[in-house]
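Derivation of every value follows stated rules applied to the coordinates shown; laboratory data play no part. The shown structure was predicted, so the numbers you read here are calculated from the model rather than taken from an experiment. When we count neighbours, we look across all protein chains shown, and the Cβ atoms used for this are built from the backbone with ideal geometry, even at glycine.
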Amino acid sequence: MGLQDKVVLITGATGGLGSAVVRAYATTGARLALTARSQDTLEKLAREVELPADRTLLYAADLAVAEAARALVAVVATRWGGVDLLLNIAGGWQGGARLAEVADDEFHETMHNNLLSAFHINRAVLPYMVERGWGRIINIASRAAASPAAKQAAYNIAKAGVVALTASIAADYARQGVVANAILPSIIDSPANRSQMPTADYSRWVKPEEIAAALIYLSSDEAAALNGASIPMYGRM
């Protein structure tokens with residue numbers, strides 16, 4: 001079974017990785033529900049990729065808010081009946097201090113952006129996938145979940161939580177046709193990362209298009225036996 005007419009919900013759709021994923025899935029014949037925090041950036045991306053209006057839904061939301069995640073999925077379900085695939089890309093790196101120096105607000109912000117948002121959107125789509133007896137969930141975690149780095153304790157913890165969340169879904173719903181996996185990228189070759197590290201060797205970083213290709217495969221029936229996996233994509237690091 002291909003992705004033609006499948007309903008694909010992509011969070012963090014306008015970021016460096018998210019926009020590459022949108023471009024990849026735009027060629028599959030799927031219906032695309034795209035979310036990010038800014039409606040303007042969603043509309044700009046849709047214009048750039050030339051997404052057809054009848055097969056695209058744009059909805060700005062802060063997924064760290066439970067009701068916002070539920071409302072997003074409800075809007076998608078009203079239009080297309082449910083969600084077949086969740087590509088949860090929303091999140092972002094935060095760090096720079098050792099654990100004893102991490103302020104409460106910094107810790108909570110990191111958890112909100114990377115773990116709480118993942119929990120809310122994963123939970124919201126599951127009833128629809130269970131009802132259909134078919135679903136694919138792919139969460140973007142980080143190499144930090146498997147190999148925690150210095151001066152980013154909150155981020156390490158949040159991304160490890162995303163891995164545990166994914167494995168929990170795999171254990172809970174495998175018999176109901178729902179498959180959940182996580183991708184663990186190292187540094188992604190994005191404009192934002194290049195601007196933060198201008199002297200780095202970008203050729204060693206994992207490319208957004210490489211991750212998008214992995215997501216396409218994990219979305220397929222051919223990958224159905226791969227469930228609860230944490231897949232490293234470390235580039236040439």
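Observations on the model:
- In sequence order, the stretch 220-237 has phi-based couplings of 8, 5, 4, 9, 4, 7, 8, 9, x, 8, 10, 9, x, 9, 9, x, 10, 7 Hz under the Karplus curve 6.51 cos²θ - 1.76 cosθ + 1.60, θ = phi - 60°, and Gly or Pro positions carry x.
- Proximal charge balance of R204 [Cβ under 14 Å; K/R count +1, D/E count -1]: +1
- Taking a ≥ b ≥ c as the square roots of the eigenvalues of the Cα gyration tensor, the stretch 138-237 is classed as oblate, since a/c reaches at least 1.5 and a/b does not exceed b/c.
- Structure-based [θ]222 nm, the chain - -39500 (n - 2.57) summed over DSSP H runs of at least 4, per residue, nearest 500: -13000 deg cm²/dmol
- A simple packing score, the average count of other Cβ atoms within 10 Å per residue, orders the peptides 205-211, 36-42 as 205-211, 36-42, with the highest score first.
- Net length gained if the chain between D172 and R194 were fully extended (0.36 nm per residue, minus Cα distance): 4.0 nm
- Ranked by how many other beta carbons lie within 10 Å on average, peptides 57-69, 96-108, 180-192 from highest: 180-192, 57-69, 96-108
- Mean shadow area of the chain, taken as a quarter of the surface of its Cα convex hull (nm²): 12.4 nm²
- Computed from phi, the 3J(HN,Hα) profile of the stretch 55-63 under the Karplus parametrisation 6.51, -1.76, 1.60 (θ = phi - 60°) reads 10, 9, 10, 10, 8, 7, 7, 9, 6 Hz, with x in place of Gly and Pro.
- Amide H to amide H, with H built 1.01 Å from N, V179 comes under 5 Å of G135, R136, I137, counting only residues 5 or more places away or on other chains.
- Remark: relative contact order (the stretch 7-233) = 20 percent; criterion is Cα-Cα distance under 8 angstrom and separation of 6 or more residues.
- In terms of overall dimensions, the stretch 64-135 has a Cα radius of gyration and Dmax of 15.3, 48 angstrom.
- Gyration tensor verdict on the stretch 4-96 (Cα atoms; rounded if a/c is under 1.5, prolate if a/b is larger than b/c, oblate otherwise): oblate
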